[in-house]
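Below: the structure, in structure tokens.
Read-outs: derived from the displayed coordinates by stated rules, not from any lab. These numbers come from a predicted model, not from an experiment. Here the Cβ is made from the backbone with ideal geometry for all residues, glycine too, and neighbour counts use every protein chain on show.
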Amino acid sequence: MSSFQLRPFHLAIPVNSLQLARNFYGDILGLSEGRSASEWIDYNFFGHQLVCHLSDKGPNTMKEVDGKKVPIPHFGIVLSYTQFQEFSKSLLGKKIEFIIEPCVRFRGKPGEQQTMFFKDPFGNAIEFKAFKHDEDLFKNT
């Protein structure tokens with residue numbers, strides 16, 4: 001699939017409290033809430049659909065990437081460099097416990113990127129990243 005029109009992705013994640021999800025995704029991260037029901041909530045995740053479903057979930061594992069332990073599984077979004085810097089600054093003072101604080105990975109190599117990882121209150125790991133050169137997103141290194 002080399003030619004396609006970018007469409008929003010849909011990702012459903014498990015949470016054990018919709019009230020806590022609203023606090024984290026709505027109040028702390030500042031995402032706008034869409035449709036909801038007694039068992040789920042939709043959020044606008046930078047133009048994509050993130051759905052928090054009441055559910056149970058197993059533990060995450062860690063894998064080393066560029067010298068840092070990265071949680072697996074995780075989900076995230078690729079932002080522009082400017083968006084990343086603004087968003088990471090907006091999280092300061094919001095009681096985010098980073099797994100990986102905002103940093104640069106693969107410095108000076110293809111795929112150089114700013115990245116940060118943290119978990120939501122339910123243990124779902126989230127990565128926010130920004131490539132120095134967007135064309136490196138799918139580049140085979």
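With +1 on the Cβ of every Lys and Arg and -1 on the Cβ of every Asp and Glu, and nothing else charged, how large is the dipole of segment 36-141 about its Cα centre, in debye rounded to the nearest 20?
Once rounded to the nearest 20, the dipole reads 380 debye.
So if each residue of separation counts as 0.36 nm, and I subtract the Cα-Cα distance between T61 and E33, what length gain in nm does that give?
Answer, rounded to one decimal: 7.1 nm.
Let me check I've understood the local charge: for N23, count other residues with C-beta under 13 angstrom from its C-beta, Lys and Arg +1, Asp and Glu -1. What total comes out?
Here the count lands on 0.
Report the Cα centroid-to-centroid distance between segment 94-129 and segment 15-63 in angstrom, as an integer.
18 Å
What does the charge add up to near S32, with Lys and Arg as +1, Asp and Glu as -1, over the other residues with Cβ less than 13 Å from its Cβ? Numbers along the way, then the final one.
Values: positive: R22, R35; negative: D27, E33, D42.
With Lys, Arg at +1 and Asp, Glu at -1, the net is -1.
With +1 assigned to the C-beta of every Lys and Arg and -1 to the C-beta of every Asp and Glu, and no other charges, what is the dipole magnitude of segment 8-57 about the Cα centre in debye, to the nearest 20?
40 debye
List the trypsin sites (Lys or Arg not before Pro) within segment 55-110 that fall in a DSSP loop (any state other than H, G, I, E or B) and whose Cβ has at most 11 other Cβ atoms within 10 Å.
Listed in order of number, the matching sites are K94, K95, R107.
Give the relative contact order (percent, whole number) for the chain; include only Cα pairs under 8 Å separated by 6+ residues.
20 percent
Treating cross-link reach as a plain straight distance, find the aspartates and glutamates whose alpha-carbon is under 15 Å from the alpha-carbon of K68, omitting any fewer than eight places away in the same chain.
Once the sequence-local aspartates and glutamates are set aside, what remains near K68 is E101, E112, E127.
Before rounding to the nearest 500, sum -39500 (n - 2.57) across all DSSP H runs of length at least 4 in the chain and divide by the residue total; then give [θ] at 222 nm in deg cm²/dmol.
Working: 2 runs with 14 residues, N = 141.
My calculation for the chain gives -2500 deg cm²/dmol from helical runs alone.
Quick one: L6, L50, L91, L29, fewest Cβ neighbours within 10 Å first, how do they rank?
Placing the least packed residue first, the sequence is L6, L91, L29, L50.
Looking at (i) 47, 35, 29; (ii) 64, 35, 17; (iii) 47, 39, 31, which value of Cα extents along the principal axes in Å comes from a calculation on the structure shown?
Among (i) 47, 35, 29; (ii) 64, 35, 17; (iii) 47, 39, 31, the one derived from this structure is (i).
What is the helix-to-structure angle for 81-90, meaning the angle in degrees between its Cα long axis and the longest Cα principal axis of the chain, kept from 0 to 90 and rounded to the nearest 10?
It works out to around 40 degrees.
Note down the net charge around R105, summing +1 for each Lys or Arg and -1 for each Asp or Glu among other residues with Cβ under 15 Å from its Cβ.
Details: positive: K63, K68, K69, R107, K109, K129, K132, K139; negative: E64, D66, E101, E112, E127, D136.
Here the charged neighbours net out to +2.
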